[in-house]
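The values are calculated or read from the model by the stated rules, or taken from the named source; none is laboratory data. Everything numeric in this text was worked out from a predicted model, so none of it was measured. Ideal geometry is used to build each Cβ from the backbone, glycine not excepted, and the neighbour counts take in all protein chains shown.
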Amino acid sequence: MVNIEERKLDIEEGAKKKFGIIGKFIGYKPKMINGSIRSIERTNISYIEPHRIIYKDTTFLFFNYTNEVYIEDLNNKMRISEIESYMKKLIS
């Protein structure tokens, strides 16, 4: 039988502050969902699920200690500092 272990990861405080400030500028309070590490017992196979920040209907994925976020999936990347202008374009 295959057992999968899941450990929740905490979002770093600096990232929480950055996303909170961005939310104030664009007028939406972000919903923050912690990521996790999933691993199969007795193997070296692991998957790191990114944290999710949701502004309105747009989901941003990110990992702790980086300055980059991903829009909806891991194919579209941008810097955290660009989120505000990106969201303002979506809103208008």
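Quick one: is MET32 within 16 Å of the chain's Cα centre (by Cα) and in a strand (DSSP E or B)?
For MET32, the condition - within 16 Å of the chain's Cα centre (by Cα) and in a strand (DSSP E or B) - is met.
Tally up the residues in segment 38-57 that are in contact with an Asp or Glu (Cβ under 7 Å, 6 or more places away or on another chain) and in a strand (DSSP E or B), please.
The qualifying residues number 2.
Report, ordered by the first and then the second residue, all pairs with beta carbons closer than 7 Å, sequence separation of six or more or different chains, a first member in segment 3-24 that is farther than 13 Å from THR66 by Cβ and in contact (Cβ under 8 Å) with a residue 12 or more places away in the chain, and a second member that is of a type in the set (A, V, I, L, M, F, W, C) and assigned to a helix (DSSP H, G or I).
Short answer, once both residue conditions are applied: ILE22/ILE83.
Quick check on segment 62-92: of everything there that is β-branched (Val, Ile, Thr) and farther than 22 Å from ASP10 by Cβ, which residue is nearest to the chain's Cα centre (by Cα)?
So the residue we want is ILE71.
Pick out the one residue from ASN44, ASN67 that is surrounded by fewer than 16 Cβ atoms within 10 Å (Cβ to Cβ), touching a strand residue (DSSP E or B) at 6+ places or on another chain (Cβ under 9 Å) and either at pLDDT 95 or above or farther than 19 Å from LYS89 by Cα (or both).
On inspection, the qualifying residue turns out to be ASN67.
Of the residues that make up segment 1-8, is at least one surrounded by 13 or more Cβ atoms within 10 Å (Cβ to Cβ) and either assigned to a strand (DSSP E or B) or not acidic (Asp, Glu) (or both)?
No: zero hits.
Among the numbered criteria (1) modelled with pLDDT of 90 or more; (2) of a type in the set (Gly, Ala, Ser); (3) loosely packed, with under 14 Cβ neighbours inside 10 Å, which single criterion is violated by SER81?
(1)
Tally up the residues in segment 65-92 that are over 15 Å from GLU49 (Cα atoms), not acidic (Asp, Glu) and not in a loop (DSSP other than H, G, I, E, B), please.
Looking only at that region, the number is 13.
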